[in-house]
Amino acid sequence: MITILLMITGILYMALQLEDKFKVPSPLGLIALSFVAHFLFKQVPVLTGDAEHFATLVVFLLPILLVSDSLELKLADLKEHGLSLLYLAVVAVVLSVLTALVISDWLFSEYALSNAAVIVLFAMVLATDPVSVVSIFSKFELPHRLKILAEGESLLNDATALIVFVFIGLYALEGEQITAGYVVEISSEVIVGSIVTGMLVGFIGLFAMKSTSNRIAEMMVLIITGYGAFELAEHFYLILDLLGSHSHFHLSGILAVIFATITVHHVMTQAIAEEDSRIDREEAALQVEIQGTETSSGVFRNILRRLKATIEERDRHLRTKEDIQLLALVANTILFVAMAEMIQLNILWKYRIEILAMFLATTVIRGVMMGLFAWISNRTAKMADISMQWWGVLTFAGIKGGLSIVMINMIPASFQHLEMFKAVVIGVIMLSTFIYSGILLLIIGQNKDRFLSEKNQEIIQPLQASQSQQ
């Protein structure tokens, strides 16, 4: 166990050094170093060793990763860019699956895949990895709107892909009939139920958070809120059983975690804003007292005491967020180390043609979907204008992640093409991690001055608007 700890911390340290000194995104460094470590240990599994245990590990780590990424989203951003995120996270996924159904006979002609199998396969490779996107974006000065679109899409996209996979793909794979009415009904129930569940758990978390002023306890509340929302949503059928409805219906744990975290984060952000405002008022009061000629020392001490308490309160909230991000970074390291153990090079080589075909197909489909989004967005007043540079960033922000492997292990073991599906999904994850990340870095690097100018404009325009109103 100590060897495992040393390996994980060593890999994380070296990945962070590569990121700081050579601008290599931490996910790239983590997965490359994990491969090196795995082969140095003569390919002996040290964490999982098989797909089933890896999937269990992913489910265990997923909520903390989602909590960390969800802390980057604000309710105001969701309101402002809701229409855009609806297209990116829902409409684009649905259109991509429909496109896959059209081209599947040409893409995998020798396998004669059923429509259900095609939906299952493409849903797995449409799920993106928000951790990689957030990691890359954190190293650059990018327009806030672009970050919200890319990070929000990569986060919410996972929930949509999983809903399509479980409630449509696997449902049809079991021989059930899929109708438009069923799709609309089940999607509505899962989405609305997951959001409501997440918000309810979030409000409970807020109640617990207000009962403490301890930073560690505050972090524990955030973790409990995230994992609690995930478990409640995924095991929703237990509540139905208690109510006398014997059903296996469950909600989306991913969506529940996202909205539970957003609920808590929204109130925390409001508190920080109020504390910033209070600091400004206290500073102004202090300036007034300083200018006075007969100010007593007691007045100064009182103002300074209130100012110190307010700053400590604000800093505690900010440090809690940093603590969660640190836990997520460690979790991501464990995930990449375990993923390296999953790779069987002989199997990947056996299905190299299928892997390349799927990678190219999903890349082209994603590019077309982002192009359609740009066309719609540039003609809609309530949506952000999308330039060619933004289109490139949004297209190659579709890096795949560990959630896809969780989906693999939900496919029945008796499924005829299971080995091919596993190879294709893992292969596409690997290719997208290295190729997409490289292209993303190239696009951002070549346009960093333009992006910085756009970011500054986002700051200047509201100030100019407020001044003109005055």
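Restricting the first member to the range 112-140 and to residues that are in a helix (DSSP H, G or I), and the second to residues that are of a type in the set (Phe, Trp, Tyr), the beta-carbon pairs closer than 7 Å and six or more apart or on different chains are 120/165; 121/421; 123/165; 124/165. With respect to (1) in contact with a helix residue (DSSP H, G or I) (Cβ under 6 Å, 6 or more places away or on another chain); (2) at pLDDT 95 or above, the lone exception for residue 400 is condition (2). Working carefully through the options 257, 164, 221, 196, find the one that is surrounded by fewer than 16 Cβ atoms within 10 Å (Cβ to Cβ), under 27 Å from residue 401 (Cβ atoms) and under 21 Å from the mean Cα position of the chain (by Cα). Criteria check complete, one pass: 196.
Scanning the range 38-58 for residues that are part of a helix (DSSP H, G or I) and over 15 Å from residue 332 (Cβ atoms), we see that the one that is farthest from the chain's Cα centre (by Cα) is 40. Select from the range 403-421 the residues that are in a loop (DSSP other than H, G, I, E, B) and of a type in the set (Gly, Ala, Ser) and write down the one among them that is modelled with the lowest pLDDT. Here the answer is 413.
Once the range 10-67 is narrowed to residues that are of a type in the set (D, E, K, R) and on the phi > 0 side of the Ramachandran plot, the residue that is surrounded by the fewest Cβ atoms within 10 Å (Cβ to Cβ) is 42.
In the range 330-355, the qualifying residues are those that are of a type outside the set (Val, Ile, Thr) and outside any helix (DSSP H, G or I), and the one that is nearest to residue 6 (Cα to Cα) is 344. Pairs linking a residue in the range 230-246 that is within 9 Å of residue 256 (Cβ to Cβ) and free of Cβ contacts under 8 Å to residues at least 60 places away in the same chain to a residue that is part of a helix (DSSP H, G or I) and of a type in the set (Val, Ile, Thr), with Cβ atoms under 6 Å and 6 or more positions apart or on different chains, are 232/197; 233/197. Check whether at least one residue in the range 344-352 is free of Cβ contacts under 8 Å to residues at least 12 places away in the same chain, of a type in the set (D, E, K, R) and surrounded by fewer than 22 Cβ atoms within 10 Å (Cβ to Cβ), and report yes or no. Within the range 344-352 (the criterion being free of Cβ contacts under 8 Å to residues at least 12 places away in the same chain, of a type in the set (D, E, K, R) and surrounded by fewer than 22 Cβ atoms within 10 Å (Cβ to Cβ)), the answer is no, since none of the residues qualifies. Residues that are closer than 16 Å to residue 164 by Cα, surrounded by 24 or more Cβ atoms within 10 Å (Cβ to Cβ) and among the hydroxyl-bearing types (Ser, Thr, Tyr) within the range 114-133 comprise just one, 128. For the range 386-402, a residue qualifies if it is assigned to a loop (DSSP other than H, G, I, E, B) and crowded, with 23+ Cβ neighbours inside 10 Å, and the qualifying residues are 397, 398, 399, 401, 402.
For the range 201-211, a residue qualifies if it is over 21 Å from the mean Cα position of the chain (by Cα) and without any contact (Cβ under 8 Å) to a residue 60 or more places away in the chain, and the qualifying residues are 204, 207, 208, 209, 210, 211. When the range 95-111 is filtered for residues that are closer than 14 Å to residue 368 by Cβ and in contact (Cβ under 8 Å) with a residue 12 or more places away in the chain, the ones remaining, listed by number, are 95, 96, 97, 99, 100, 103. Scanning the range 401-451 for residues that are in contact with a Pro (Cβ under 9 Å, 6 or more places away or on another chain) and touching a residue at least 40 places away in the same chain (Cβ under 8 Å) yields 401, 433, 437, 440, 441, 451. Just the residues that are of a type in the set (Phe, Trp, Tyr) and either exposed (fewer than 15 other Cβ atoms within 10 Å of the Cβ) or under 10 Å from residue 428 (Cα atoms) (or both), please, taken from the range 354-376. Matches in the range 354-376: 359, 375. Quick check on my filter: what residues within the range 96-106 are of a type outside the set (Ser, Thr, Tyr), touching a Leu at 6+ places or on another chain (Cβ under 9 Å) and at pLDDT 95 or above? Within the range 96-106, 97, 100 qualify.
The values are calculated or read from the model by the stated rules, or taken from the named source; none is laboratory data. Fair warning: this is a prediction, and the values are worked out from it, not measured in the lab. Glycine also receives a Cβ, built like all others from the backbone with ideal geometry; neighbour counts cover every protein chain displayed.
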